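S.K.: Dumping the structure here so I can ask a few things about it.
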Amino acid sequence: MPPQHHPRGSAGTFPDMPAEPAPASLPVAAARRRRLRADRARELADLLRHQILTGGFPGGVLPLEDTIAADYRASRNTVRQALDLLRGEQLVDRQPGVGTVVVCEKYPHGLDRLQGLAETLHEHGRVTNEVRTVGPVAAPGPVAHRLGLPEHTDVLCIERLRRLNGLPLSLDLSYLPMDIGGRLLGCDLENTDVFRLLESLTGGPLGHAEITLEAVNADAHSAAVLQAPRGAAVLMLERLTCLPDGRPVDLEFIRFRGDRITMSGVLHRSV
């Protein structure tokens, strides 16, 4: 894939980034220049990150710093600072004799369709599940409320470590009503998405889901299981999936390694 270039604006600068201001003459402007360079570095890192995640650099090798500086009308210091930000995210690294290379692949997870993880990532490899916990538990109040059940009603609890091509990707905790969830106990939870199993058991497609997505710090347990640094940011997806008649059947708390997944979707504006 050839390198992707941004069209220049009328002033010869890239429209995505404002031109770097001329250095001010007052001594008090030094701090302001550092701040502006940090802002520019962040903006440039955002553009380079997009190129990385969309396969914009052939062979996973970034252009030379001089080339990036010329392409984005940025100073060498700004380019170095932007690359430092990406190295801190463990997206790129420097290799002697090669340059700056992409070292971590992120996988796209769509938010505009209701799919299981294996369905979502089937183009990128094989998803396997390590079932860490499965069995009935008394539903905590918030779980019972979300599933429309009396408090302390037994529900099926499933915790799975999910891997893509052997790499830990997410830690999923699911709660399901026992009249449906109990029938999952004899199913192949290690190789099959729960969504597919639910549709097989209920005889029809699932309906809709309510989702909440936020960044949280990984607790010691989650970090150890996901092989992530303790306290690292993970993407927490809370998802309540319902049957077509609106009955809630699957409440999930999914922790994704933020360095291995990107969330994307197409949103339509309604008037």
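S.K.: So which GluC sites (Glu not before Pro) in region 75-181 pass both tests, a DSSP loop state and at most 12 other Cβ atoms within 10 Å of the Cβ? List each step's numbers first, then the result.
M.R.: On the way: sites: GLU89, GLU105, GLU119, GLU123, GLU130, GLU151, GLU159; in loops: GLU89, GLU105, GLU151.
Passing sites in region 75-181 are GLU151.
S.K.: Report which label in [x] 51; [y] 37; [z] 44 holds the value of percent of Cα pairs over 27 Å apart derived from the coordinates of this structure.
M.R.: From the options [x] 51; [y] 37; [z] 44, the structure gives [x].
S.K.: Scan the chain and hand back the longest stretch that contains none of the trypsin sites (Lys or Arg not before Pro) lying in DSSP loops with at most 15 other Cβ atoms within 10 Å. Can you show the working numbers first?
M.R.: Working: sites that count: ARG8, ARG113, ARG126, ARG230, ARG269.
With a cap of 15 other Cβ atoms within 10 Å, the longest stretch comes to 9-112.
S.K.: Can you give the Rg and Dmax of region 153-266 based on its C-alpha atoms, in angstrom?
M.R.: Expressed in Å, the Cα Rg and Dmax of region 153-266 come to 14.8, 42.
S.K.: Given only helices, namely DSSP H runs of n ≥ 4 each adding -39500 (n - 2.57), what is the per-residue ellipticity at 222 nm of the chain, to the nearest 500 deg cm²/dmol?
M.R.: Working: 8 runs with 76 residues, N = 271.
Value at 222 nm, helices only: -8000 deg cm²/dmol.
S.K.: If you don't mind, another one. Can you list the HN-Hα couplings for region 252-268, worked out from phi with the Karplus curve (6.51, -1.76, 1.60; θ = phi - 60°), rounded to whole Hz and with x for Gly and Pro?
M.R.: Here the 3J(HN,Hα) series is 10, 10, 10, 9, 9, 5, x, 8, 10, 9, 10, 9, 8, x, 10, 10, 10 Hz.
S.K.: Now a separate question. Quick one: with all protein chains in place, what share of the accessible area of region 95-235 is carbon or sulfur, to the nearest percent (1.4 Å probe)? Write out the running numbers ahead of the final one.
M.R.: Working: 3600 of 7120 Å².
For region 95-235, the apolar C and S fraction of the accessible surface comes to 51 percent.
S.K.: List the GluC sites (Glu not before Pro) within region 179-271 that DSSP assigns to loop and that have no more than 13 neighbouring Cβ atoms inside 10 Å. Can you show the working numbers first?
M.R.: Values: sites: GLU190, GLU199, GLU210, GLU214, GLU238, GLU252; in loops: GLU190.
The qualifying sites are GLU190.
S.K.: Enter the accessible area per residue of region 105-224 (Å², integer; probe 1.4 Å; all protein chains in place). Don't skip to the answer; put the middle values down first.
M.R.: Working: 5930 Å² over 120 residues.
Heavy-atom SASA per residue in region 105-224 reads 49 Å².
S.K.: Where the centre of each part is set by its Cα atoms, how far does region 41-76 sit from region 194-271, in angstrom?
M.R.: After rounding, the separation between the Cα centres reads 31 Å.
The values are calculated or read from the model by the stated rules, or taken from the named source; none is laboratory data. A quick note: this is a predicted structure, and the numbers were derived from the prediction, not measured. Neighbour counts run over all protein chains shown; Cβ positions are idealised from the backbone, glycine included. For accessibility, only protein heavy atoms count, side chains too; no ligands or nucleic acids. Shrake-Rupley method; radii C 1.70, N 1.55, O 1.52, S 1.80 Å.
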